[in-house]
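*Asks:* Quick one: the structure is below, questions incoming.
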Amino acid sequence: MTAVSSNMWSGMGVLDEIERGTMNRLLTTPVARGAIMNAMVLEQALSTAVQVAAIILLGLAAGAAYPGGALGLLVLMVSALLLGTIFSALSNTVGMLVRQRETIIGINTLLLLPLTFLSSAFMASTLMPSWMRRIADFNPVNWTLDAARAAMRDTPDWGVVASRGGWLLLLAGVMVVLSTRTFRAYQKSV
């Protein structure tokens, strides 16, 4: 939830940059357009990394055991960063397209809880009704949970890690490309 909720607000930063005129000034520089949008996604990724590290350390301080060891924790971190990238780039795309805070707030509200509750975050998938399990199969929040849980086991299931991680990586790439293209559309509109 940390990776999703904190990154879904990235579009607000885009709106701030547009309103202050910073975005238009960046358009006059020789900086690659993809770098401008992806810098915002990278900033969110660094913030997410700090948050995930803090949660891991708090878990250690509280006595949590991580059977997957350092490699499992690394998979957990990378999975959270990929999930954050998906939602950060989505939020940036929405910010560029609609340029309204209310729309970003509405989309965040619309997506955050349903994606979380339609995953195995709070309920074991074996206890879910079949329709909910089917939705969870296509839910990036669930992919992240599956990859992290598979890596954190005593005997990690690297097949699950690779498949869910691959889907996360693919969707993150698509969202970053979409975000960059949206920026180019914004550039043409000014």
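The values are calculated or read from the model by the stated rules, or taken from the named source; none is laboratory data. Because the structure is a prediction, the values reported are computed rather than measured. Neighbour counts are summed over all protein chains in view; Cβ atoms, including those assigned to glycine, are modelled from backbone coordinates with ideal geometry. The area values use the complete protein model at the heavy-atom level, side chains included, leaving out ligands, DNA and RNA. Shrake-Rupley method; radii C 1.70, N 1.55, O 1.52, S 1.80 Å.
*Asks:* Using Cα centres only, tell me the gap between the stretch 125-190 and the stretch 1-77 in whole Å.
*Replies:* Taking the Cα centre of the stretch 1-77 as reference, the centre of the stretch 125-190 is 16 Å away.
*Asks:* Measure nothing fancy, just the Cα-based angle from helix 69-98's long axis to the longest principal axis of the chain, in degrees from 0 to 90, nearest 10.
*Replies:* The answer is roughly 30 degrees.
*Asks:* Under 14 Å from the Cβ of residue 99, count the other residues' Cβ atoms, weight Lys and Arg +1, Asp and Glu -1, and hand me the total.
*Replies:* -2
*Asks:* Report in % the part of the accessible area of the stretch 129-183 that belongs to carbon and sulfur, leaving out ligands and nucleic acids; probe 1.4 Å.
*Replies:* 66 percent
*Asks:* I've got another one for you. If each residue of separation counts as 0.36 nm, what is the full-extension length gain between residue 20 and residue 97 once their alpha-carbon separation is subtracted? Write out the running numbers ahead of the final one.
*Replies:* Working: separation 77, 0.36 × 77 = 27.72 nm, distance 1.69 nm.
Full extension of this stretch gives 26.0 nm more.
*Asks:* I've got another one for you. In whole percent, what relative contact order does the stretch 38-190 give with Cα contacts below 8 Å and a gap of six or more residues?
*Replies:* Once divided by the residue count of the stretch 38-190, the mean separation gives 33 percent.
*Asks:* Solvent-accessible area per residue for the stretch 121-190 at a 1.4 Å probe radius, Å²?
*Replies:* That works out to 60 Å² per residue.
*Asks:* Do the sum for the chain: with -39,500 (n - 2.57) for every DSSP H run of n ≥ 4, divided by all residues, what is the mean residue ellipticity at 222 nm, to the nearest 500 deg cm²/dmol? Mind showing how you got there, number by number?
*Replies:* On the way: 9 runs with 151 residues, N = 190.
That calculation yields -26500 deg cm²/dmol at 222 nm.
*Asks:* Under the rule a/c < 1.5 gives rounded, and otherwise a/b versus b/c splits prolate from oblate, where does the stretch 1-99 land using the Cα gyration tensor?
*Replies:* Prolate shape, in that a/c is at least 1.5 and a/b is the bigger ratio.
*Asks:* While we're on this one: Using a 1.4 Å probe on the protein chains only, how many percent of the accessible area of the stretch 9-73 belongs to carbon and sulfur?
*Replies:* 69 percent
*Asks:* Once you mark the chymotrypsin sites (Phe, Trp or Tyr not before Pro) that are in a DSSP loop and have at most 12 other Cβ atoms within 10 Å, what is the longest gap between them in the chain? Could the numbers behind the result be given before it?
*Replies:* Details: sites that count: 122, 138.
Maximal segment without exposed cleavage sites: 1-121.
*Asks:* Note down the net charge around residue 67, summing +1 for each Lys or Arg and -1 for each Asp or Glu among other residues with Cβ under 10 Å from its Cβ.
*Replies:* 0
*Asks:* Oh, and also: For residue 41, what is the net charge nearby, where nearby means another residue's Cβ is under 15 Å from its Cβ and Lys, Arg count +1, Asp, Glu -1?
*Replies:* Net local charge, residue 41 excluded: 0.
*Asks:* With a 1.4 Å probe and all protein chains kept in place, how do 180, 103 rank by accessible area, largest first?
*Replies:* Putting 180, 103 in descending order of accessible area: 103, 180.
*Asks:* Find the Rg to Rh ratio for the chain, where Rh is the Kirkwood radius over alpha-carbon pairs and Rg uses the same atoms.
*Replies:* Taking Rg over the Kirkwood Rh, I get 1.02.
*Asks:* Run the 1.4 Å probe and let me know the accessible area of residue 43, rounded to the nearest 10 Å².
*Replies:* Near enough 120 Å² of accessible area.
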